[in-house]
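Asker: Supplied in structure tokens, the structure appears directly below.
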Amino acid sequence: MLTLDPSQPASGATVDIARLLALRFPARQLDIRRRRRALAQLSGGQRSNFRGRGIEFEEVRGYQPGDDIRAIDWRVTARTGEAHTKMFHEERERPVLLVVDQRSSMQFGTQHCFKIVLAAELAALLAWSALGSNERVGGFLMRDSDHWEMRPRNSRRTVLALLSALAEAPKPPDAAGGDNRFSTLLRSVRRVARPGSSVFLVSDFDGAEQDEARQELFQLARHVEITAIHCSDPLESQLPPAGRYSVTDGQARAELDTGMTGLSQRFSQLYSQRVDSYQEQLQRLGIPMLRASTTEAPLTLLRNIYGSTQASMGPAWTSPGATPVNHGA
């Protein structure tokens with residue numbers, strides 16, 4: 001039986017299916033249909049660019065002070081001689097597509113967990129919350145050699161299939177050189193995401209600074225509502241104490257001397273500039289970006305945006321029938 005404390009950070013170097021299943025219970029504290037004012041502030045002062053089935057026409061009524069003049073129905077206004085405004089309402093059915101990055105850059109972490117584990121638990125919470133709100137849920141997993149996709153359905157079986165795919169051990173990069181560029185993966189997402197969908201993009205955004213990726217993101221944002229969640233680890237922004245360290249990318253090995261004058265400061269500056277650049281790019285498209293760290297609880301981050309103000313963390317959740325596992329990173 002797995003006891004899960006949702007107030008604690010995710011843990012481990014691999015995704016644990018038992019934890020993803022157990023997150024069904026704390027996910028009840030979330031309502032992803034609620035885009036709070038804090039999320040709007042993160043997207044900047046601009047409206048989202050997406051055009052699709054997110055809103056639909058409801059009626060025409062007489063113009064009232066404060067109505068958006070861009071919504072005036074000029075044909076009715078000309079026919080009646082009085083100003084009339086088109087009224088719209090948010091379409092009730094908005095498919096949720098969870099896009100999760102599982103490429104090599106996500107298989108990194110130094111304290112509680114790898115970024116790939118953090119991303120999986122964030123996706124699981126969002127998936128359970130969407131299912132609990134009777135939304136259709138689908139998934140798209142970015143990988144080095146291929147990708148996994150499932151179109152949105154209002155089905156518990158679909159969510160379970162997504163969680164199982166998240167827990168699969170990623171295959172090593174294709175020796176033949178598979179195209180795992182961020183731009184290529186976003187192009188595939190555009191094919192899967194129907195207009196008006198609510199897309200959650202969970203990634204470290206490796207490669208997002210490339211021109212092709214910027215263009216693909218722009219095209220995607222025109223038709224869907226995107227919420228970006230940037231995953232990071234403390235070591236990516238701050239080098240360890242001065243010393244000589246052996247480092248590897250999985251293929252080659254080298255030594256890093258963090259005691260070099262100015263290296264640590266320059267390293268931190270470059271990281272901050274890169275992440276700030278991501279956020280500025282997204283803000284120009286009206287896309288909010290949440291910052292998730294391997295040192296923070298996924299539920300805490302999401303509750304700040306989608307949680308009830310009265311909800312509390314509560315006690316640890318126990319998943320019936322789950323077997324004890326060791327989550328040490």
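The values are calculated or read from the model by the stated rules, or taken from the named source; none is laboratory data. Predicted model, so just to flag it, every value in this text is computed and none were measured. Glycine also receives a Cβ, built like all others from the backbone with ideal geometry; neighbour counts cover every protein chain displayed.
Asker: So which residues in the range 208-236 are touching a Lys or Arg at 6+ places or on another chain (Cβ under 8 Å) and of a type in the set (D, E, K, R)?
Answerer: Correct list: 209, 212, 216, 222, 225, 233.
Asker: Now for a separate question. Select from the range 217-226 the residues that are under 22 Å from residue 292 (Cβ atoms) and either of a type in the set (D, E, K, R) or out of contact with any strand residue (DSSP E or B) (no Cβ under 6 Å at 6 or more places or on another chain) (or both) and list them in ascending order.
Answerer: Applying the first criterion (under 22 Å from residue 292 (Cβ atoms)) to the range 217-226 yields 217, 220-221, 224-226.
Passing the criteria: 217, 220, 221, 225.
Asker: Would you mind telling me which numbered condition in (1) closer than 14 Å to residue 96 by Cα; (2) in contact with a Leu (Cβ under 6 Å, 6 or more places away or on another chain); (3) not aliphatic (A, V, I, L, M) residue 153 fails?
Answerer: Just one mismatch for residue 153, condition (2).
Asker: Also, quick follow-up: Please enumerate the residues belonging to the range 104-121 that are in contact with a Leu (Cβ under 7 Å, 6 or more places away or on another chain) and either modelled with pLDDT of 95 or more or not β-branched (Val, Ile, Thr) (or both).
Answerer: Result: 120, 121.
Let's see how each residue does on (1) closer than 25 Å to residue 19 by Cβ; (2) outside the structural domain of residue 29 (by TED's automatic domain parsing); (3) among the hydrophobic types (A, V, I, L, M, F, W, C):
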| residue | (1), (2), (3) |
| --- | --- |
| 117 | yes, no, yes |
| 122 | yes, no, yes |
| 129 | yes, no, no |
| 162 | yes, no, yes |
| 190 | no, no, no |
| 197 | no, no, no |
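Asker: Name the single residue, out of those in the range 182-200 being part of a helix (DSSP H, G or I) and touching a Gly at 6+ places or on another chain (Cβ under 8 Å), that is surrounded by the most Cβ atoms within 10 Å (Cβ to Cβ).
Answerer: 182
Asker: Residues that are of a type in the set (S, T, N, Q): list the strands (runs of 3 or more DSSP E) wholly contained in the range 218-302 that include at least 1 such residues.
Answerer: Where strands (runs of 3 or more DSSP E) fall fully within the range 218-302 and carry at least 1 residues being of a type in the set (S, T, N, Q), they are 225-232, 244-248, 289-293.
Asker: Restrict the check to the range 101-116 and report whether at least one residue is out of contact with any Pro (no Cβ under 8 Å at 6 or more places or on another chain), on the phi < 0 side of the Ramachandran plot and part of a strand (DSSP E or B).
Answerer: yes
Asker: Let me spell it out: the conditions are (1) more than 21 Å from the chain's Cα centre (by Cα); (2) in contact (Cβ under 8 Å) with a residue 60 or more places away in the chain, and residue 295 meets all of them except one. Which number is the exception?
Answerer: (1)
Asker: What do you reckon, is residue 88 modelled with pLDDT under 95 and in contact with a Phe, Trp or Tyr (Cβ under 7 Å, 6 or more places away or on another chain)?
Answerer: Judged against the criteria, residue 88 is a match.
Per-residue answers, yes or no, for (1) assigned by TED's automatic domain parsing to the domain that holds residue 276; (2) at pLDDT below 90; (3) among the small types (Gly, Ala, Ser); (4) surrounded by 13 or more Cβ atoms within 10 Å (Cβ to Cβ):
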| position | (1), (2), (3), (4) |
| --- | --- |
| 6 | yes, yes, no, yes |
| 10 | yes, no, yes, yes |
| 19 | yes, no, no, yes |
| 41 | yes, yes, no, no |
| 70 | no, yes, no, no |
| 102 | yes, no, no, yes |
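Asker: So, of the residues in the range 150-205 that are in contact (Cβ under 8 Å) with a residue 12 or more places away in the chain and basic (Lys, Arg), which turns out to be nearest to residue 128 (Cα to Cα)?
Answerer: Restricting to residues being in contact (Cβ under 8 Å) with a residue 12 or more places away in the chain and basic (Lys, Arg), the top hit is 156.
Asker: Next question, about the same structure. Please indicate, with yes or no, whether at least one residue in the range 131-148 is without any contact (Cβ under 8 Å) to a residue 24 or more places away in the chain, outside any helix (DSSP H, G or I) and not acidic (Asp, Glu).
Answerer: Checked the range 131-148: at least one residue is without any contact (Cβ under 8 Å) to a residue 24 or more places away in the chain, outside any helix (DSSP H, G or I) and not acidic (Asp, Glu).
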